[in-house]
Amino acid sequence: MKILAISDVASKALWGPQCRERLEGVDLILSCGDLPRAYLEFLTNFTAAPILYVHGNHDKSYAAQEPGGCICVDDGVYVWRGLRVMGLGGSLRYNQESPYQYTERVMRRRIAKLRPKVRRLGGVDLLLTHAPARGLNDGEDLPHRGFECFNELLDELQPQWFVHGHIHLSYDCKLPRICTRGATTVINATERYLFDVPDIDYKPAKRFFFFQSFSASFIR
C-alpha cells in the first residue's frame with residue numbers, strides 16, 4: 001500500500017487544483033500534526049484514502065473543532081488493512097499555550113494506558129507521533145527536544161515504522177528524511193513524504209479501534 005505522510009507545512013503541491021492527481025494511488029494518509037484544519041479537510045475532498053492524524057503542539061484550534069472527515073488516533077491504536085497504527089501526538093512541554101504539550105512523565109503515562117490495547121492486538125506496526133525521539137534528529141532547545149520515552153517504546157515494541165514531524169528539514173541541511181533505529185525505519189514527515197508498505201496478511205474478524213474514551217462509531 002502507498003502511504004502519504006504529512007506534517008507541519010501545508011504542501012503547495014497538494015493544496016491546489018492538482019490535488020486529486022497527486023493523491024491518485026495513495027491508500028492511506030498520516031498527519032503528524034501542526035497543519036491547518038482546513039488543509040486536512042481540503043484533502044478529504046480529493047481522495048478516498050482515510051486520513052489518520054495526531055495533534056501537534058500548535059494545533060490548539062483542534063480542541064474547539066477537530067478536522068472533519070478525518071480520524072484522530074491520538075492515544076489510540078487504529079487497525080487499517082492489517083496495519084496497526086499507534087498514535088501519540090504533542091510535543092515536550094515548554095510553555096502553557098497549548099493543550100498538546102506534555103512532560104516526559106505524562107507521556108509515559110499515556111504510553112502505559114495503551115499497553116493493554118497493544119497486547120490485545122499483538123503489537124504495533126507503525127508509531128505515529130508529532131515529536132521525534134530524544135537524540136534521534138531532534139533539537140537541543142526545549143521546544144524541539146524529543147521524548148526519551150519514545151526510544152524506550154521503540155525498543156520495546158520494535159515497530160517497522162516510526163513516522164513523526166515537528167523537526168522541519170529546513171532547520172538543518174544535514175537532517176535526514178529517513179534513518180533507522182534498530183529494525184525501525186524512522187521517517188520525518190515534514191511537508192509530505194510518500195512511502196510504500198507491503199500488504200499485510202491480516203484478516204481480523206472485525207475492525208478494531210481502541211480509544212481511551214468510548215465512541216459509538218468504533219468497536220472496542
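The values are calculated or read from the model by the stated rules, or taken from the named source; none is laboratory data. Just so we're clear, the structure is a prediction, and the values are computed from it rather than from any experiment. Virtual Cβ from ideal backbone geometry, glycine too; neighbours counted across all protein chains shown. Areas reflect the complete protein model, heavy atoms only, side chains present, ligands, DNA and RNA absent. Shrake-Rupley method; radii C 1.70, N 1.55, O 1.52, S 1.80 Å.
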Return the total of residues in the stretch 1-45 being open to solvent by 60 Å² or more (accessible area, probe 1.4 Å) and either more than 18 Å from VAL73 (Cα to Cα) or in contact (Cβ under 8 Å) with a residue 40 or more places away in the chain (or both).
10
Only one of (1) at pLDDT 95 or above; (2) more than 26 Å from LEU153 (Cα to Cα); (3) open to solvent by 10 Å² or more (accessible area, probe 1.4 Å) is not met by PRO67, so which one is it?
(3)
Any chance you could count how many residues in the stretch 192-220 are at pLDDT 95 or above and either open to solvent by 70 Å² or more (accessible area, probe 1.4 Å) or within 23 Å of CYS149 (Cα to Cα) (or both)?
3
Pairs, please: C-beta under 7 Å, at least 6 apart or cross-chain, first residue more than 13 Å from ILE6 (Cα to Cα) and modelled with pLDDT of 95 or more and in the stretch 161-179, second in a loop (DSSP other than H, G, I, E, B) and of a type outside the set (D, E, K, R)?
CYS179/ASN137
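Which of the residues belonging to the stretch 138-167 are open to solvent by 50 Å² or more (accessible area, probe 1.4 Å) and either under 12 Å from LEU92 (Cα atoms) or in a loop (DSSP other than H, G, I, E, B) (or both)? I'd like the intermediate steps shown before the answer.
To start, the set of residues in the stretch 138-167 that are open to solvent by 50 Å² or more (accessible area, probe 1.4 Å) comprises 140-142, 145, 148, 152, 155-156, 158, 160.
GLU140, ASP141, LEU142, ARG145, GLU148, GLN158, GLN160 - these are the residues of the stretch 138-167 that are open to solvent by 50 Å² or more (accessible area, probe 1.4 Å) and either under 12 Å from LEU92 (Cα atoms) or in a loop (DSSP other than H, G, I, E, B) (or both).
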Inside the stretch 70-102, can you point out the residues that are among the aromatic types (Phe, Trp, Tyr), outside any loop (DSSP other than H, G, I, E, B) and more than 15 Å from LEU28 (Cα to Cα)?
TYR102
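Listed here are the residues, each with its yes/no results for (1) within 23 Å of THR185 (Cα to Cα); (2) open to solvent by less than 10 Å² (accessible area, probe 1.4 Å); (3) out of contact with any helix residue (DSSP H, G or I) (no Cβ under 8 Å at 6 or more places or on another chain); (4) not small (Gly, Ala, Ser).
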| residue | (1), (2), (3), (4) |
| --- | --- |
| VAL77 | yes, yes, no, yes |
| ARG84 | yes, no, no, yes |
| SER91 | yes, yes, no, no |
| PRO132 | yes, yes, no, yes |
Out of everything in the stretch 131-144 that is touching a residue at least 24 places away in the same chain (Cβ under 8 Å) and more than 17 Å from the chain's Cα centre (by Cα), what residue ends up being nearest to PHE195 (Cα to Cα)?
GLY139
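Residue-wise test of (1) at pLDDT 95 or above; (2) more than 21 Å from ARG84 (Cα to Cα).
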| site | (1), (2) |
| --- | --- |
| LYS12 | no, yes |
| GLN18 | no, yes |
| ASP27 | yes, no |
| PRO36 | yes, yes |
| LEU43 | yes, yes |
| TYR53 | yes, no |
